[in-house]
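This report refers to the structure that appears directly beneath it.
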Amino acid sequence: MSVQDYMSALKLGKKEYHACVNKGKYPYLPVMENMMEEKSIDSEVSLGIDQIPLRLVVGTCTAGRTNAFADNWMPILEWGSEFSAKWASLSDSQVNEGIRDPIKVYEYMNKFYVLEGNKRVSVLKYFKAVTVNAQVIRKIPKNPMIQMLKYIMNLWIFIKQLSLMIYISVKKAVLRHLWIWLG
């Protein structure tokens, strides 16, 4: 049964991978270390083991494993690798007794990034689990208000650029119609 589960998950992973590539979107899991600098973190606080929603587990901490998964956490490595055998074994464990060992995650800005347990998350998402046991470590930004202001400023800049692009497009269209009308 586990081989069939892996092959089914592989099919889902490849489908997601190709859909992302066709949309021009990054096809792998987001990597936390690529999204922020360590110097922007004030401290880390261990929150202990807790049930966390799988829908908020969005990526990995390091780039080491990211190319093994599509953006939807499904595997994209072919059957026959050590990775696929371990994934299939975890699949059997989930069906027979459930995955009991907690994963280890960093929580940053209300999203979770996996440090240990990427395959467990993949298997649980394949079986449509809602939560996972996790040892949670929260990364606290140096100044959360500065982070929020940066997001707001970037949004404001984007809206201004979008407005300018719309204005230029409308102006060109009006001038084109005026030229035709006068022509």
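Read-outs: derived from the displayed coordinates by stated rules, not from any lab. Note that the coordinates shown come from a computational prediction; the quantities given were computed from them, not determined experimentally. All Cβ positions, even for glycine, are placed from backbone atoms using ideal geometry, and neighbour counts span all protein chains on display.
Taking GluC sites (Glu not before Pro) across the stretch 24-90, the ones in a DSSP loop with at most 16 further Cβ atoms lying within 10 angstrom of their Cβ are 37, 78.
Think of each Lys and Arg Cβ as +1 and each Asp and Glu Cβ as -1; about the Cα centre, that makes the dipole of the stretch 95-144 roughly 200 debye.
Within the stretch 70-149, list the trypsin sites (Lys or Arg not before Pro) lying in a DSSP loop whose Cβ has at most 11 other Cβ atoms in a 10 Å radius.
100, 128, 142
The modelled label-to-label distance between residue 22 and residue 131, using points 7 Å beyond Cα along the C-beta direction, is 3.7 nm. Potential lengthening of the chain between residue 56 and residue 41 amounts to 3.4 nm, from the contour at 0.36 nm per residue minus the alpha-carbon distance. Taking a straight Cα-Cα cut-off under 20 Å and skipping sequence neighbours fewer than 8 places away in the same chain, the aspartates and glutamates within cross-link reach of residue 14 are 5, 71, 78, 82. Residue separation of residue 100 and residue 15 scaled by 0.36 nm, minus their Cα-Cα distance, works out to 27.7 nm of gained length. Greater than 28 Å separation of Cα atoms is the criterion. Which listed pairs, 25/128; 15/39; 11/139; 23/128; 39/128, meet it? In this structure, 15/39; 11/139; 39/128 exceed 28 Å between Cα atoms.
Counting every Cα pair in the stretch 1-125, what percent are over 27 Å apart? Tail of the P(r) past 27 Å holds 19 percent of the pairs. Computed with the Debye formula from one identical point scatterer per Cα of the stretch 1-57, without solvent, the log10 of I(q)/I(0) at q = 0.28, 0.30 Å⁻¹ comes to -1.12, -1.14.
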